[in-house]
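Peer 1: Please find one structure pasted underneath; my questions will follow.
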Amino acid sequence: MTVSFAAEDDSAMKLRYQQLLTARSHAYTTTRTMARQNRITPQLRDEIVDAVEHDLRIPVANILGFVDLLRDGGDTAFTDEQLEFLSRIEANCQTLLEMFERLRSLSRTQ
């Protein structure tokens, strides 16, 4: 199996990460605004957080699984640069999983 990474891949990942941060910020602001207006009950807020957390956690877990498969996938020899990309992917996924956990904890304390 041959895997190649290009500079465009890194740019695309950075763009997607920025889009995720923007979406997260927008969702947080909208939820806070609606909560202030008493349009979201605590139960509804918990349901929203659970749904969002679940819908985001599954793809991240899949990405981590593919990173493991690539690393342990047989006879493929990766370059140092490719290994660095895999490490970045893994680190960013772990960061996202930590954010999901904080989001869940935060929603439970409010």
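The values are calculated or read from the model by the stated rules, or taken from the named source; none is laboratory data. This is a predicted model, so every value here is computed, not measured. When we count neighbours, we look across all protein chains shown, and the Cβ atoms used for this are built from the backbone with ideal geometry, even at glycine.
Peer 1: What number of residues within the range 76-110 are in a loop (DSSP other than H, G, I, E, B) and in contact (Cβ under 8 Å) with a residue 60 or more places away in the chain?
Peer 2: Residues of the range 76-110 in a loop (DSSP other than H, G, I, E, B): 76-79, 110.
Of the ones still in play, those that are also in contact (Cβ under 8 Å) with a residue 60 or more places away in the chain are 76, 78, 110.
Residues flagged as in a loop (DSSP other than H, G, I, E, B) and in contact (Cβ under 8 Å) with a residue 60 or more places away in the chain within the range 76-110 amount to 3.
Peer 1: Which of the residues belonging to the range 71-99 are under 24 Å from Asp55 (Cβ atoms) and not small (Gly, Ala, Ser)? Break it down into steps so the answer makes sense when it comes.
Peer 2: Step one: filter the range 71-99 for residues under 24 Å from Asp55 (Cβ atoms), giving 88-99.
Residues satisfying the conditions are Arg88, Ile89, Glu90, Asn92, Cys93, Gln94, Thr95, Leu96, Leu97, Glu98, Met99.
Peer 1: When only residues in the range 66-81 that are in contact with a helix residue (DSSP H, G or I) (Cβ under 9 Å, 6 or more places away or on another chain) and not aromatic (Phe, Trp, Tyr) count, which is farthest from Met13 (Cα to Cα)? Write out each step before concluding.
Peer 2: Applying the first criterion (in contact with a helix residue (DSSP H, G or I) (Cβ under 9 Å, 6 or more places away or on another chain)) to the range 66-81 yields 66-68, 70-71, 76, 78.
Now narrow it down to the ones that are not aromatic (Phe, Trp, Tyr): 67-68, 70-71, 76.
Details: Val67: 15, Asp68: 18, Leu70: 18, Arg71: 19, Thr76: 23 Å.
Looking at residues that are in contact with a helix residue (DSSP H, G or I) (Cβ under 9 Å, 6 or more places away or on another chain) and not aromatic (Phe, Trp, Tyr), I get Thr76.
Peer 1: Regarding Arg45, is this residue at pLDDT 70 or above, surrounded by 11 or more Cβ atoms within 10 Å (Cβ to Cβ) and in contact with a Leu (Cβ under 8 Å, 6 or more places away or on another chain)? If you could, list the steps in order and put the result at the bottom.
Peer 2: Details: at pLDDT 70 or above: yes; surrounded by 11 or more Cβ atoms within 10 Å (Cβ to Cβ): yes; in contact with a Leu (Cβ under 8 Å, 6 or more places away or on another chain): no.
No.
Peer 1: Further question on the same structure: Being in contact with a helix residue (DSSP H, G or I) (Cβ under 8 Å, 6 or more places away or on another chain), surrounded by 10 or more Cβ atoms within 10 Å (Cβ to Cβ) and either of a type in the set (Phe, Trp, Tyr) or free of Cβ contacts under 8 Å to residues at least 24 places away in the same chain (or both) is the requirement here; does Ile63 meet it?
Peer 2: For Ile63, the condition - in contact with a helix residue (DSSP H, G or I) (Cβ under 8 Å, 6 or more places away or on another chain), surrounded by 10 or more Cβ atoms within 10 Å (Cβ to Cβ) and either of a type in the set (Phe, Trp, Tyr) or free of Cβ contacts under 8 Å to residues at least 24 places away in the same chain (or both) - is not met.
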